[in-house]
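Trainee: To start, I am sharing the structure in question, which I have written as structure tokens.
The values are calculated or read from the model by the stated rules, or taken from the named source; none is laboratory data. These numbers come from a predicted model, not from an experiment. Using ideal geometry, Cβ is built from the backbone for each residue, glycine included, and neighbour counts are taken over all protein chains shown. Calculation scope for accessible area: heavy atoms of the full protein, side chains included, ligands and nucleic acids excluded. Shrake-Rupley method; radii C 1.70, N 1.55, O 1.52, S 1.80 Å.
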Amino acid sequence: VSQTLHIPFDNTYSQLPEAFYQKTSPFQAPKPTLIQFNKPLADELGISHKGATPEKLAEVFSGKTVPKGADPLAMAYAGHQFGHFVPQLGDGRALLLGEVLNKDGTRFDIQLKGSGQTAFSRRGDGRSPLGPAIREYIVSEAMHKLGVPTTRALALIATGEDVVRESVTPGAVFTRVAESHIRIGTFEYFSGNQDYESLKTLLNYTIERHYPDILKQERRVLSFLEHVVEAQALLIADWLGMGFIHGVMNTDNTSIIYQTIDYGPCAFMDSFERNKVYSSIDQFGRYAYSSQPRIAHWNLQVLAYALMPLIDESQHELALLKVEEFSERFEKAYLKKMFNKLGMQEFKKADSQLIGLWLNYLQEEKIDYTLSFRWLAEEANLQDSSPLPKTPAFSKFFGLWTAALSKQKTELTQAADFMNTINPVIIPRNHLIEKAIQLALKGEYSFFHELIEAVGEPYQTPKTNSELFRPPKPHEEVHETFCGT
Ligand code: AMP
Ligand code: MG
């Protein structure tokens, strides 16, 4: 069998001026071993891999062999980390191999993460430990299946090299696919350097690639800003709906399109808690669950200021008003999401108290956020078998909820059916990810594979292994996540 692996690269970012990146090669992993390859995704991207051995895939996706047509580069960017401006960050442990077009003509970046040092590594080793790579693989694929726009996972390779963190741990290269890796921080980089020529080039490139509809508009910068504001409003509503906490919403981890990017110490909540924080580095809870809309708004202000050099002074105020629209856009998206989760496809803002009553009840009784909506659907089906505690708060909510549904002439069973199509049974729970990581560190990958399978069908209750969807028992709960930089 001939070893064919063909990636039909069609690169554009590497054609931009030199200020945008450092062109450099990946490091040579001593003993690359394939852990996972996402064949369906490879097919979607037009990558031919028939006959490619695991060894060949491991060589290419660890960066040991640079495939034909790739033009590896580390992207330059800046960013506000925990509120503080850092003028130069950039890909310190990642390389953009190049871009491919899928059948619909959508362009995707193929990026190696953990592929060695670059000009942006500062004091870092350019490596990625296996644990965080496993987390990103599972969570990003789960998010995709849950319908939340996200970067995807194409491959996971063990490098055969140890990396030193709190302890010595195996290294990995994670291949991710994104509609692009342009961040708010990319704009901040050129703006901060007062390189307004490049800033303009970046804006034009971004608009052509992601928002071609506004190419012909007069106030392109304002339109662009408006689109990013809307994208963030939709994305954060998706996150809150799924009980997702990103964990490091720095501006360098904020995409300028409707897409989740840079999974670090992220987590899905088990029991509902408004101010839940998992990240070990988020000491002050800046990026807590319910703070995410406020932080997105703050990040968008940063983008607006970065774009000001390209905006006529007479329109600066207008630009800031575009950012202020975030609150309204977010609220609209959030209410729609939450009402839908409650089985209500139509809603009046006046009914919003229902959402508050429900969430208060969940928090008060420490109820599992994900399963609560499935249990509520069971109640609606009059099965009355659900584990939801029948407290006075529950009765109050249930009475108002059923009344609101009946006002809309929605049958309870109809509402329940709809709820079961949009409320997942399976999310990648923290303790399961942790278990997959701990086993992988011992060289056992079968649970990782099982978890990947399970999160691929989030709306089906698994018949065999209840471990994959039930909430953690108290002793299994994992309250802290690490970023592994
Ligand atoms: P992150 O926390 O992954 O969003 O990374 C923030 C910044 O630190 C980015 O510029 C990364 O490229 C850089 N960085 C993180 N880990 C490393 C590492 N091990 N070596 C070099 N740079 C790193
Ligand atoms: Mg990052």
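Trainee: Using a 7 Å offset from Cα along Cα-Cβ at Glu476, what residues in the range 358-382 end up with backbone N under 19 Å from the label point?
Mentor: Counting only backbone N, you get 366-375.
Trainee: Please work out the C-alpha center-to-center distance from the range 403-417 to the range 280-355 and express it in whole Å.
Mentor: 30 Å
Trainee: Explain nothing, just compute: Karplus ³J(HN,Hα) = 6.51 cos²θ - 1.76 cosθ + 1.60, θ = phi - 60°, for every residue of the range 394-404 in order, whole Hz, x for Gly and Pro.
Mentor: Per-residue couplings from phi come out as 5, 4, 4, 4, 4, x, 5, 5, 5, 5, 5 Hz.
Trainee: Restricting to the chain, what percent of DSSP beta bridges are antiparallel, rounded to 5? Intermediate values should be presented prior to the final figure.
Mentor: Numbers: 39 of 41 bridges.
Bridges in the chain that DSSP calls antiparallel: roughly 95 percent.
Trainee: Looking at the chain from every direction and averaging, what is the projected area of its Cα convex hull in nm²? Show your work: numbers first, answer last.
Mentor: Values: hull surface 95.2 nm².
Spelled out: convex hull of the Cα atoms, projected over all directions, averaged, 23.8 nm².
Trainee: Okay, moving on. Report the per residue volume, in Å³, of the convex hull enclosing the C-alpha atoms of the range 138-294. Before the final figure, lay out the partial values.
Mentor: On the way: hull volume 24.1 nm³, N = 157.
Looking at the range 138-294, the number lands at 153 Å³ per residue.
Trainee: Next up: With only alpha-carbon atoms counted, please give the Rg and Dmax of the range 347-444, in Å.
Mentor: In Å, with Rg to one decimal and Dmax whole: 16.7, 57.
Trainee: Now a separate question. How big is the charge dipole of the range 402-461 about its Cα centre, in debye rounded to the nearest 20, if each Lys and Arg gets +1 on its Cβ and each Asp and Glu gets -1 on its Cβ?
Mentor: Working: 5 positive and 7 negative charges, 55 e Å.
Computed about the Cα centre, the dipole is about 260 debye.
Trainee: Please give the residues of the range 7-44, grouped as numeric ranges, whose backbone N is less than 19 Å from a label point set 7 Å along the Cα-to-Cβ vector of Lys103.
Mentor: Counting only backbone N, you get 7-9, 38-44.
Trainee: Report, in whole Å, the centroid distance computed from the Cα atoms of the range 75-124 and the range 1-53.
Mentor: Distance between centres, Cα-based: 15 Å.
Trainee: Can I ask one more? Tell me which residues come under 5 Å, amide H to amide H, from Thr260 once H is placed; ignore anything under 5 positions away on its chain.
Mentor: Amide H neighbours of Thr260: Thr150, Thr151.
Trainee: Put +1 on the Cβ of every Lys and Arg and -1 on every Asp and Glu Cβ in the range 332-375; which of Trp358, Tyr334, Ser372 then has its Cα farthest towards the positive end of the dipole?
Mentor: Most positive-ward Cα: Tyr334.
Trainee: Continuing with the same structure: Please report, in debye to the nearest 20, how large the charge dipole of the range 330-485 is about its Cα centre when each Lys and Arg carries +1 at its beta carbon and each Asp and Glu carries -1 there.
Mentor: 540 debye
Trainee: Which order do Lys23, Lys463 take when ranked by solvent-accessible area (1.4 Å probe, heavy atoms of all protein chains), largest first? Kindly include the intermediate steps, with their values, before the conclusion.
Mentor: Working: Lys23 95, Lys463 190 Å².
Ranked list, largest accessible area first: Lys463, Lys23.
Trainee: Solvent-accessible area per residue for the chain at a 1.4 Å probe radius, Å²?
Mentor: Details: 20530 Å² over 485 residues.
Heavy-atom accessible area per residue stands at 42 Å².
Trainee: With each pseudo-label sitting 7 Å past Cα toward Cβ, what's the Asp10-Gln117 distance in nm, one decimal?
Mentor: Going by the 7 Å Cα→Cβ label model, 3.7 nm.
Trainee: Here's another thing I want to ask about it. How far apart, in nm, are two points set 7 Å out from the Cα along the Cα-to-Cβ line at Lys216 and at Glu325?
Mentor: Between Lys216 and Glu325, the simple spin-label model gives 2.0 nm.
Trainee: Could you list the trypsin sites (Lys or Arg not before Pro) in the range 407-438 that lie in coil according to DSSP, counting only those with at most 16 other Cβ atoms within 10 Å of their Cβ? Could you put the intermediate results ahead of the total?
Mentor: Numbers: sites: Lys407, Lys409, Arg429, Lys435; in loops: Lys409, Arg429.
Those satisfying the criteria are Lys409.
Trainee: With the cut-off at 1.5 for a/c, could you classify the range 88-220 from its C-alpha gyration tensor as rounded, prolate or oblate? Don't skip to the end; give the middle numbers.
Mentor: Values: a/c = 2.66, a/b = 1.47, b/c = 1.81.
Taking the square roots of the gyration eigenvalues as a ≥ b ≥ c, the range 88-220 is oblate.
Trainee: What does the C-alpha gyration tensor say about the overall shape of the range 38-109? Classify as rounded when a/c is under 1.5, otherwise prolate if a/b is larger than b/c, or oblate.
Mentor: Numbers: a/c = 2.71, a/b = 1.85, b/c = 1.46.
In terms of gyration-tensor shape, prolate.
Trainee: Tell me the carbon and sulfur percent of the accessible area for the range 404-485, rounded to whole percent, probe radius 1.4 Å.
Mentor: Details: 2300 of 4330 Å².
Of the solvent-accessible surface of the range 404-485, carbon and sulfur hold 53 percent.
Trainee: Quick one: Karplus J couplings for the range 441-457, per residue in order, coefficients 6.51, -1.76, 1.60, θ = phi - 60°, nearest Hz, x for Gly and Pro?
Mentor: Values, residue by residue: 5, 8, x, 9, 9, 5, 5, 4, 5, 5, 5, 4, 4, 5, 6, x, 10 Hz.
Trainee: Whole-Å semi-axes of the range 1-141's equivalent ellipsoid, largest first, each the root of 5 times a Cα gyration tensor eigenvalue?
Mentor: Details: eigenvalues 134, 66, 45 Å².
Semi-axes from the Cα gyration tensor: 26, 18, 15 Å.
Trainee: Using R₀ = 45 Å, calculate the FRET efficiency as 1/(1 + (r/R₀)^6) where r is the Cβ-Cβ separation of Glu55 and Ala393; round to 0.05.
Mentor: 0.15
Trainee: Using the basic label-point model (7 angstrom from Cα toward the beta carbon), what is the Lys31 to Thr464 distance in nanometres?
Mentor: In this crude label model, Lys31 to Thr464 measures out at 3.1 nm.
Trainee: Projected onto the charge dipole of the range 288-382 (+1 at Lys/Arg Cβ, -1 at Asp/Glu Cβ, origin at the Cα centre), which of Gly343, Ala304, Pro293 gives the Cα projection farthest towards the positive end?
Mentor: The listed residue farthest towards the positive side: Gly343.
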